[in-house]
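Engineer: Attaching a single structure in structure tokens format; questions to follow.
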Amino acid sequence: MARRAGAETYPARLRKSAHRVRSTLRRSGVDYFRGDGSDWIALAALLLVIPAITCGTLLNPVWCSPTALVLPIVAGGLVLRPASLLGLYAAAAAALIVESISLGPFKDGTVGVTPGTVLTVAACGFFGLVLAQFRARVGVPWRRGGTMLFDLRERIRVQSALPRLPQGWHREMSLRPAGGQSFSGDFVVAARTNGGRTLEAVLTDVSGKGMDAGSRALLLSGAFGGLLGSLPPHGFLPAANGYLLRQDWDEGFATSIHLVLDLESGDYEILSAGHPPALQLHAGSGRWEEKAAEGPLLGVYDGAEFDAVKGSLAPGDVLMLFTDGLVETSERDMAEGIDRLTGEADRYVSTGFEGAAWHLIEACAKDVNDDRALLLLSRKS
């Protein structure tokens, strides 16, 4: 019995050992990808590449030029830490010395290590070291840097997601950063409050555009998302204004528009902080009406007051909130831009506004070098 028990436990022990080995290798791989692990594997691989290039240069210098040593140097600047990079540079310098001795002095028409070769390799090494020191100072290795930027972009996208609305309502949001970038200074935070009966949505335009405003937009979207629903509707913009003032940014102002919509009755309030007016389409008359609330920019002075404007969405009505990049350019004032936006929106009155937000930005401000955002709400007939 004891012998059979030992025979039964041996495969189990073997499986456990294999599982530990796989877990260790997987954890090491994940840490290396994230930049938390050691870079000795990359260093060892690059150190093996250098003698391989050196041998190729000595055997056939025509096809394997001495300048090929810049390849591991450039790769090292991307993946190694500064201390490891210096060791790689020492190996590359030794390889250049070996190549220059073996190939002999450079003469016209011969293949050898020229002064230009040395300068090229040294220049690549210098820029690689600068890059490695920058990554070390920031604390975000290149393997994790791209993933981190992707995570930041996804966080902004998730925070700008609109909640589901009850039957009879349609909502959509479209955002277009300046210059085709992934980060924008425009963002939306929205939540259903009052037991799900009320929709609160805040569209904000941070000063600046693209990557310059993206970091501030990420910070503000998180803060505004925490404030929304935690305060009475009329207390949101004063609290947001105080938050911006406490940041003490050099370029710390923003415009914002706050919608408070009763999903049962269709009644709403709009509060604005220096933001362009909202637009409401009245299905009965087919006309667009501007809903302009009064209020100063966020982050300019303390004690600012924000006055609300009220309205109601009847079945078939549409409400649009947008940022100034959609309707205002250096060649076009806001009034002209709003006329163009409403003219394009009239095309969707008969067919419905589903999918219209993206097309309206495309039609009105496709090539504008500014962040553009459009929030569209419609009450179905």
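Engineer: Would you call GLU336 within 27 Å of ARG176 (Cα to Cα), surrounded by fewer than 16 Cβ atoms within 10 Å (Cβ to Cβ), out of contact with any helix residue (DSSP H, G or I) (no Cβ under 6 Å at 6 or more places or on another chain) and acidic (Asp, Glu)?
Structural biologist: Yes, satisfied.
Engineer: Now a separate question. Looking at segment 339-381, which of the residues that are under 16 Å from ARG176 (Cα atoms) and of a type in the set (Asp, Glu) is modelled with the highest pLDDT?
Structural biologist: GLU362
Engineer: Of everything in segment 182-206, what is in contact with a helix residue (DSSP H, G or I) (Cβ under 9 Å, 6 or more places away or on another chain) and either assigned to a loop (DSSP other than H, G, I, E, B) or of a type in the set (Asp, Glu) (or both)? Give them in sequence order.
Structural biologist: Residues satisfying the conditions are SER182, PHE183, SER184, GLY185, ASP186, GLU200, ASP205.
Engineer: Could you check segment 281-314 and list, in sequence order, the residues that are assigned to a strand (DSSP E or B), without any contact (Cβ under 8 Å) to a residue 40 or more places away in the chain and buried (at least 17 other Cβ atoms within 10 Å of the Cβ)?
Structural biologist: Result: LYS291, single match.
Engineer: Could you list, in sequence order, the residues of segment 230-280 that are part of a loop (DSSP other than H, G, I, E, B) and acidic (Asp, Glu)?
Structural biologist: Selection gives ASP248, ASP250, GLU251, GLU264.
Engineer: Of the residues that make up segment 361-377, is at least one more than 18 Å from SER174 (Cα to Cα) and in contact with a helix residue (DSSP H, G or I) (Cβ under 7 Å, 6 or more places away or on another chain)?
Structural biologist: Among the residues of segment 361-377, not one is more than 18 Å from SER174 (Cα to Cα) and in contact with a helix residue (DSSP H, G or I) (Cβ under 7 Å, 6 or more places away or on another chain), which makes the answer no.
Engineer: Same structure again: Which one of PHE126, PHE134, PHE106 is at pLDDT 80 or above and among the aromatic types (Phe, Trp, Tyr)?
Structural biologist: PHE126
Engineer: To continue, here is another question. Being open to solvent by less than 70 Å² (accessible area, probe 1.4 Å) and either at positive phi or of a type in the set (Ser, Thr, Tyr) (or both) is the filter here, so list the residues in segment 319-333 that pass it.
Structural biologist: Within segment 319-333, THR323, THR329 qualify.
Engineer: Does segment 312-330 contain at least one residue that is under 30 Å from ARG197 (Cβ atoms), charged (D, E, K, R) and touching a Gly at 6+ places or on another chain (Cβ under 8 Å)?
Structural biologist: Yes; the residues of segment 312-330 include at least one that is under 30 Å from ARG197 (Cβ atoms), charged (D, E, K, R) and touching a Gly at 6+ places or on another chain (Cβ under 8 Å).
Engineer: Just checking, does segment 245-261 include any residue being closer than 15 Å to ALA201 by Cα, in contact with a Leu (Cβ under 7 Å, 6 or more places away or on another chain) and open to solvent by 10 Å² or more (accessible area, probe 1.4 Å)?
Structural biologist: So far as segment 245-261 goes, yes, one or more of its residues are closer than 15 Å to ALA201 by Cα, in contact with a Leu (Cβ under 7 Å, 6 or more places away or on another chain) and open to solvent by 10 Å² or more (accessible area, probe 1.4 Å).
Engineer: So how many residues does segment 366-381 have that are within 19 Å of VAL188 (Cα to Cα) and either open to solvent by 10 Å² or more (accessible area, probe 1.4 Å) or out of contact with any Asp or Glu (no Cβ under 6 Å at 6 or more places or on another chain) (or both)?
Structural biologist: Looking only at that region, the number is 6.
Engineer: Of all residues in segment 218-244, count the ones that are crowded, with 20+ Cβ neighbours inside 10 Å, of a type in the set (A, V, I, L, M) and over 20 Å from SER184 (Cα atoms).
Structural biologist: Here the count works out to 2.
Engineer: Pick from ALA75, ALA83, ALA52, ALA91: which is under 17 Å from ALA132 (Cβ atoms), part of a helix (DSSP H, G or I) and more than 36 Å from the chain's Cα centre (by Cα)?
Structural biologist: ALA91
Engineer: Within segment 339-365, track down each residue that is open to solvent by 10 Å² or more (accessible area, probe 1.4 Å) and assigned to a helix (DSSP H, G or I).
Structural biologist: Correct list: ASP339, ARG340, THR342, GLY343, GLU344, ASP346, ARG347, TYR348, TRP358, HIS359, GLU362, ALA363.
Engineer: Would you mind stating whether ILE97 is out of contact with any strand residue (DSSP E or B) (no Cβ under 6 Å at 6 or more places or on another chain) and open to solvent by 70 Å² or more (accessible area, probe 1.4 Å)?
Structural biologist: In short, yes.
Engineer: Tell me, please, whether a residue that is open to solvent by 40 Å² or more (accessible area, probe 1.4 Å) and of a type in the set (A, V, I, L, M, F, W, C) can be found in segment 190-206.
Structural biologist: no
The values are calculated or read from the model by the stated rules, or taken from the named source; none is laboratory data. Just so it is clear, the model here is predicted, and its values are computed rather than measured. With ideal geometry, Cβ positions are generated from the backbone for all residues, glycine too; neighbour counts draw on all protein chains shown. Accessible surface is based on the protein model in full, side chains and every heavy atom, while ligands, DNA and RNA are left aside. Shrake-Rupley method; radii C 1.70, N 1.55, O 1.52, S 1.80 Å.
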